[in-house]
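Just so it is clear, none of the values below were taken in a lab; they were calculated from the coordinates. A quick note: this is a predicted structure, and the numbers were derived from the prediction, not measured. Please note: Cβ atoms are built from the backbone with ideal geometry, for glycine as well, and neighbour counts cover all protein chains shown.
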C-alpha cells in the first residue's frame, strides 16, 4: 500500500496549520509551524492568493492528512457520507473519519499520535469487544469497547506517562487506568475541529 515517507512536518507547513503528526513534538516550540509559518521549499514565502479550486483542494488535503487517510480511502468516505440523507454530507464525512479505530485510540489519550495508534493496531495490540483487530480503518459503532491487549498494557502505560495526552472529547469515554475507550454518541459539529471547512470539501467533490 502507498504511504508517505518524506518529513511529515512539511505537510503541516504546506497546509499552514498543525496536523499533530509527530506526537509530543507538536506541543513544543520545536514544532515546524512554530518556527517557520510558511510553506516548504524556496518559494514557500512567496505564495500568491489562491483560487477557489485551490482553496477547496487544500482543505481536502489538509483533512485527509490530518486523519492519515489515502486519497482513495478519503473519496470512498465521501461517497459513503453522501448516502446519509439525514445528516449534512460534510458533517457525516467528519463523523466517519472520527469513528476510525486509529482516531479513537488517539482521541482517548492512550497514544500521542494517529501514526502511533496505527502502529499499535497493525502489530495486534488492540482489541474491539475482546477480539483482536489489526485494521486501522475499522469503523467503531456506538457502544463498542476498544481495549489494549493484556500483554501490551505495559507499553501503552509508558506512552501515557511519557507523552502529553489530549483530553477525550465529550462524545466518547476513555479510561486510561483500564486502557479502554468507547463511542457514546456521534460527534456534533460543535464537538469537532472548528478550523475545518468541510463545505469546501463538499464543493471540491461536487465539481
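Taking the centroid of alpha carbons for each part, the range 172-190 and the range 52-74 are 25 Å apart.
With neighbours defined as other Cβ atoms within 10 Å of a residue's Cβ, the residues 126, 133, 79 order from fewest to most as 79, 133, 126.
At a 10 Å Cβ-Cβ cut-off, how would you order 110, 172, fewest neighbours first?
172, 110
Per residue, the average separation of C-alpha pairs within less than 8 Å and at least 6 apart gives the range 83-207 a relative contact order of 28 percent. The label-point distance for residue 123 and residue 139, in a model that sets each label 7 Å from Cα toward Cβ, rounds to 2.9 nm. Counted by neighbouring Cβ atoms within 10 Å, the residues 200, 55 run from fewest to most as 55, 200. A rounded overall shape is assigned to the range 100-183, the ratio a/c of its alpha-carbon gyration tensor axes (a ≥ b ≥ c) being less than 1.5.
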